[in-house]
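*Asks:* The following block contains the structure, expressed as structure tokens.
Taken together, the values in this text are just the output of simple stated rules run on the coordinates, not laboratory data. What you see is a predicted model; the values in this text were computed from it and never measured. Methodologically, a virtual Cβ is constructed for each residue, glycine included, from the backbone with ideal geometry; neighbour enumeration extends over all protein chains shown.
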Amino acid sequence: MKYGYFDDDSKEYVITNPLTPVKWINYIGTIAFGGFVDHTGGALLCCGDPALNRITRYLSFLPAGEMRGTTAYIRIKDASGYRLLSPFYLPSPEGIISYECRIGTQYLIIRTDFGEFESEICIFVPVGEKLEIRDVRIHNKSGKSLTLDFIPAAEYSHFDALKQLTNADWVPQTMQSRAVKSSSGRTVLLQSAYMNRDTMLNFFSSSRAASSFETDRRIFLGSNEYGSWKSPVSMEAAELSETEAKRGDNIAALMIPLEIAPGKTERFFTMLGQADSEAGAVSAVERFSSEDEVDSAFSNIKSFWDEHLSYFNADTPADDMNSMVNIHNPRQCYITKNWARYLSIYQTGYGARGIGFRDACQDVCGIISQKPAEAADYLLEILKTQKSNGSAMHQYNPLSGEAHPGETEEMPDRPQYYGDDHLWAVYAVCSLIKETGDTAFLDKEIRFYDSDESATVLEHLLRALKFTGENTGAHGLPLLGFADWNDTVNLPAGAESSFIACLYGFALSEMIQLLEYCSLDTALAENLQSDYVKMKDIFNAEAWVGDWYVRYFDHRGKALGAPEDRYASIFANAQSWAVLSGFAPRDRAVRALDSVNRRLATEAGIKLMSPGYEGYDPEKGGVTTYPPGAKENAGIFLHANPWVMIAETMLGNGERAFEYYSAINPASKNKIIDTYECEPYCYAQNILSDEHPGFGLGRNSWLTGSAAWAYRAATEYILGIRPVFEGLKIDPCIPASWERFTVKRKFRGIDISIKILNPESCCGSVREFRINGRLCPGNVITEELLSEISGSAEVEAVLL
Ligand code: NOJ
């Protein structure tokens, strides 16, 4: 079964069957105001932190057929009374002939055909504004005039999202609504919790005059709420009751009568927003009642995304890859960077998490090529939560700046830091400088979180390296701390992590190259080089066990991830990062990656480890809370898959890298979507593996580190258009069957058109390299060459 198709020309995915296996969503607005809207029109909107200022009551755990957050009705009167129709398929699919939902770049358009007429509703948040617009068009296709009512509705949450769930007396006692008229006679429904009545006002209105309204759910649904959202009792009367709720479950609903001439379209807007005063709410409503204002707000969003998606555009023989790298993957990267792990269908935003140091450092790398300045600002904020000893606070709240140590607090007997967090900052800062060439960023002064001391960005990074270098265990490998990238393996104090050893090696090597590029302190670079060699030697001496590297040593010194282990005898990250760090000599790298292919690769992606643990083991922690095949316990954890792809390209295996890329590409899942279930237009965090009866099922889509790393693996390693300190490297590693592909890339102010020719059917290695027709040595468009180019350049590389 298919539920839709990709329309790349419109930069949209089009859902044609509303009965998707789970809700599919799109993001609108930003964390300042916005949230997500599902393909049946339900919206979860917030203004700032979703835990502290939630607007709509969208409950992910309700069945898919239930109204969630927002909806709308169309009501038609006939001889037998009123007939209710749903322009969003829900709450009632009655009378719908066809439906489509266009998932666009920060907007959705839902079109529903009812035969005699059709509705089209475009949903978005204007850039920088605090309101959601629903741009409604109803087109009368018949030859006679059409009379109907349009009734948009929203259900409010208490601003304190968790309180809404935990206190069913205090919350309803505080919720209040009232109605006011704007100077032009528009009904504006205002809602707030009592203590916020003069400061944080939710508002709901329409550009078209409403004949009546409702704000009390009990009255709207009717029969003491034994009425339902599917057929509210209040809809049986000509008008809504005009109750201004003074407590209870507050909603906003408007009765908008329409008279549509034959063949004509009526267009109007509904607005749901937040203002800090009644005057502010009314003025926003008046402003966005103008067609010009709404059209220009929508075209701003389109232009923003046209620009954002113009930095990298590939035309390869693989359509699924083209859709993802040109549109959906960079879109997801931007959304993920902005929403961190705050709010999705799966991460419900009740305040358990802020922004994670480790995740943010990786997410930001998915927007560096398009938004380097935004990335730089974000990195400076992240670095404020680094401690003066070089380690980092695990999470922080960007609004308050307050950081906390993560889940360590729940286990005071375990180490109170994460062994990897701080090292990701080296990766992120180096990625930024490779894109921009701007080394002045290293000189910015940032304070440390736990002291008044400030230091340059460079010093922050050097302390990160120093912390790991100084916190090693019995084998000389870095101590795990509470956990490393794999949050769920929490071993007693003294455990060591070979993954951190590799991440440390990777970060050292990045830093050494950076220092060389800046011609900074050669003695320091030499010291770091000797640290690198030292760790590489230890890693190879201690962690190699015949055909692969082990993942951890526990506090007793026992290896985890070794062939003799009954469970978890091989971990993917120990192999991929052994290659990424340059630690694995070629013969070991080949054997380690072959072991991954043999032991961990499935048709749906690569498992994080295998075999999965069976049963809870408090010593190991979270990983053993999952059944085998789920999440970190031998599930396909997508975030870690691109690392194997990148490692394969480093060995020149374009076939395998692309096979792994395709195995997790959501666009490829469109063909097996009843198994996969999640949106085919964004990466999920996890897929159940072949160790689980639900093999192939995806979950936790949108806000995941898979987005930025899949983008990197695809654009920089498989297609091979990779920023390096010296310039832009052209280093593809593709399937041998590809005869050619092209890429348009904006880099350091130049528009570069790149043509890759593969006449000998190989995977990689550029042998002929031309810039504007001139044969050049190597395969890097160096800064020197860039300085000779103005505006644009044509590059041709031949693989031989
Ligand atoms: C999700 C977390 O957000 C991320 O930080 C972590 O690396 C992965 N889970 C793996 O445990």
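*Asks:* Using a simple charge model, +1 on the beta-carbon of Lys and Arg, -1 on the beta-carbon of Asp and Glu, nothing else, what dipole does region 697-798 show about its Cα centre, in debye to the nearest 20?
*Replies:* With only Lys, Arg, Asp and Glu charged at Cβ, the dipole is about 380 debye.
*Asks:* While we're on this one: Could you give the length gained by full extension between Lys181 and Glu453, i.e. 0.36 nm per residue of separation minus their alpha carbon distance, to one decimal place?
*Replies:* Using 0.36 nm per residue and subtracting the Cα-Cα distance, I get 92.5 nm.
*Asks:* Provide the gained length on full extension for the span Lys77 to Ser737, in nm with one decimal, where the gain is 0.36 nm per separating residue minus the Cα-Cα distance.
*Replies:* Fully extending the segment from Lys77 to Ser737 adds 231.4 nm.
*Asks:* I would also like to ask the following. Over region 504-640, what number does the Rg to Rh ratio reach, with both radii from the alpha-carbon atoms and Rh per Kirkwood?
*Replies:* Rg/Rh for region 504-640 comes to 1.05.
*Asks:* In whole angstrom, how far apart do the alpha carbon centroids of region 1-61 and region 406-457 sit?
*Replies:* When both Cα centres are located, 33 Å separates them.
*Asks:* Now for a separate question. Count charges around Asp554 for me, please; just the other residues with Cβ under 10 Å from its Cβ, Lys/Arg as +1, Asp/Glu as -1.
*Replies:* My count for the surroundings of Asp554 gives +1.
*Asks:* Summarise the long-distance tail of P(r) for region 1-156 by giving the % of C-alpha pairs beyond 25 Å.
*Replies:* 30 percent
*Asks:* Which helices of the chain meet both criteria: a Cα extent of 18 Å or more along the helical axis and a mean Kyte-Doolittle score no lower than -0.5, with helices taken as whole DSSP H segments?
*Replies:* Length and hydropathy pass: 423-436, 457-470, 498-517, 522-542.
*Asks:* Using DSSP to call loops (not H, G, I, E or B), can you name the trypsin sites (Lys or Arg not before Pro) in region 235-330 whose Cβ has at most 16 other Cβ atoms within 10 angstrom?
*Replies:* In loop regions of region 235-330 (DSSP not H, G, I, E or B), the sparsely surrounded trypsin sites (Lys or Arg not before Pro) are Lys246, Arg247, Lys264.
*Asks:* Helix-only mean residue ellipticity at 222 nm, the chain, DSSP H runs n ≥ 4 weighted -39,500 (n - 2.57), per residue, nearest 500. What is it?
*Replies:* -8000 deg cm²/dmol
*Asks:* Continuing with the same structure: Out of the GluC sites (Glu not before Pro) in region 724-766, which ones are loop residues according to DSSP with at most 12 other C-beta atoms within 10 Å?
*Replies:* Loop-located and lightly packed - Glu739, Glu760.
*Asks:* Only Lys, Arg, Asp and Glu count, each charged at its Cβ (+1, +1, -1, -1), so figure out the dipole size of region 627-673 about its Cα centre, rounded to 20 debye. If you can, show how the numbers build up before the last one.
*Replies:* Working: 4 positive and 4 negative charges, 41 e Å.
About 200 debye.
*Asks:* Taking the alpha carbon gyration tensor of region 373-477, what are the square roots of 5 times its eigenvalues, largest first, to the nearest whole Å?
*Replies:* Square roots of five times the eigenvalues give 24, 17, 12 Å.
*Asks:* Report the label-to-label distance for Asp276 and Glu445 in nanometres (one decimal), using points 7 Å from each Cα along the Cα→Cβ vector.
*Replies:* Label-label distance for Asp276 and Glu445, simple model: 3.1 nm.
*Asks:* Just how many % of Cα pairs in region 46-111 lie over 18 Å apart, if you round to the nearest whole percent?
*Replies:* Tail of P(r) above 18 Å: 55 percent of Cα pairs.
*Asks:* With label points built 7 Å along Cα→Cβ from the Cα atoms of Glu409 and Leu800, find their separation and express it in nm.
*Replies:* 6.3 nm
*Asks:* Quick check for me: using +1 on Lys/Arg Cβ and -1 on Asp/Glu Cβ, what's the dipole size of region 291-391 about its Cα centre, in debye to the nearest 20?
*Replies:* Working: 9 positive and 14 negative charges, 181 e Å.
It works out to roughly 860 debye.
*Asks:* Over its Cα atoms, what ratio of radius of gyration to 2.2 N^0.38 Å does region 588-639 give?
*Replies:* Normalised Rg, Cα atoms only: 1.22.
*Asks:* Normalise the Debye intensity by I(0) for region 186-238, one equal point scatterer per Cα, no solvent, then take log10 at q = 0.31 Å⁻¹ and round to two decimals.
*Replies:* The computed values of log10 I(q)/I(0) come out as -1.06.
*Asks:* Next question. What distance in nm separates the two pseudo spin-label positions at Lys144 and Ala373, each 7 Å out from Cα along the beta-carbon direction?
*Replies:* Placing both labels 7 Å along Cα→Cβ, they lie 6.0 nm apart.
*Asks:* As an exercise, use a Förster radius of 30 Å and the Cβ-Cβ distance of Glu788 and Leu520 to find the FRET efficiency, rounded to the nearest 0.05.
*Replies:* 0.70
*Asks:* Next question. Report the gain in length on full extension from Arg767 to Val590: 0.36 nm times residue separation, minus Cα-Cα distance, nm rounded to one decimal.
*Replies:* Extending this stretch completely gives an extra 61.3 nm.
*Asks:* Give the distance, in whole Å, between the Cα centre of region 280-327 and the Cα centre of region 80-106.
*Replies:* Here the answer is 24 Å between Cα centres.
*Asks:* Given R₀ = 22 Å, FRET efficiency for Glu66-Ala237 by Cβ-Cβ distance, to 0.05?
*Replies:* Computed FRET efficiency for Glu66 and Ala237: 0.40.
*Asks:* Along the charge dipole of region 428-586, which of Leu528, Cys502, Gln575 sits closest to the positive end, that is, farthest toward it, with unit charges on the beta carbon of Lys, Arg, Asp and Glu (+1, +1, -1, -1)?
*Replies:* Gln575
*Asks:* Still on this model: Bin width 5 Å, alpha-carbon pairs only: give the P(r) of region 445-545 as whole percents, running from 0 to the bin holding the largest distance.
*Replies:* Per 5 Å bin, starting at 0, the Cα pair percentages come out as 2, 12, 21, 20, 18, 15, 9, 3, 0, 0.
*Asks:* Nearest 0.05, what FRET efficiency do Gln416 and Asn527 give at R0 = 35 Å with Cβ-Cβ as r?
*Replies:* 0.75
*Asks:* Counting other C-beta atoms within 10 Å, which of Lys163, Lys536, Lys2 has the fewest, and how do the rest follow?
*Replies:* Working: Lys163 17, Lys536 21, Lys2 13.
Least crowded to most crowded, the residues run Lys2, Lys163, Lys536.
*Asks:* List the relative contact order of region 594-699 as a percent without decimals, with contacts defined as Cα pairs under 8 Å and 6+ residues apart.
*Replies:* Worked out over region 594-699, it gives 27 percent.
*Asks:* Follow-up. Report, in whole Å, the centroid distance computed from the Cα atoms of region 179-197 and region 589-640.
*Replies:* 54 Å
*Asks:* Also, quick follow-up: Short version: what are the Cα gyration tensor semi-axes of region 509-554, square root of 5 times each eigenvalue, largest first, in whole Å?
*Replies:* 29, 10, 8
*Asks:* Which whole number in µm²/s is D for the chain by Stokes-Einstein, with the Kirkwood Rh taken over Cα pairs at 20 °C and 1.002 mPa s?
*Replies:* For the chosen part, D equals 77 µm²/s.
*Asks:* Can you give the translational diffusion coefficient of region 673-715 in µm²/s, computed by Stokes-Einstein from the Kirkwood radius over Cα pairs at 20 °C and 1.002 mPa s? It would help to have the intermediate numbers written out before the result.
*Replies:* Numbers: Rh = 10.9 Å.
Using the Kirkwood radius from Cα pairs, D works out to 196 µm²/s.
*Asks:* Within 10 Å of each residue's Cβ, count the other Cβ atoms and sort Met645, Met321 from fewest upward. Before the final figure, lay out each step's value.
*Replies:* Details: Met645 28, Met321 23.
Listed from fewest to most nearby Cβ atoms, that is Met321, Met645.
*Asks:* Can you find, among Asn389, Val766, Gly694, the residue sitting farthest towards the positive end of the charge dipole of the chain, where Lys and Arg contribute +1 and Asp and Glu -1 at Cβ?
*Replies:* Checked the options; the winner is Gly694.
*Asks:* Compare the Cα positions of Cys776, Val590, Ile433 along the charge dipole of the chain (+1 at Cβ of Lys, Arg; -1 at Cβ of Asp, Glu; about the Cα centre) and return the one farthest towards the positive end.
*Replies:* After comparing all options, I get Val590.
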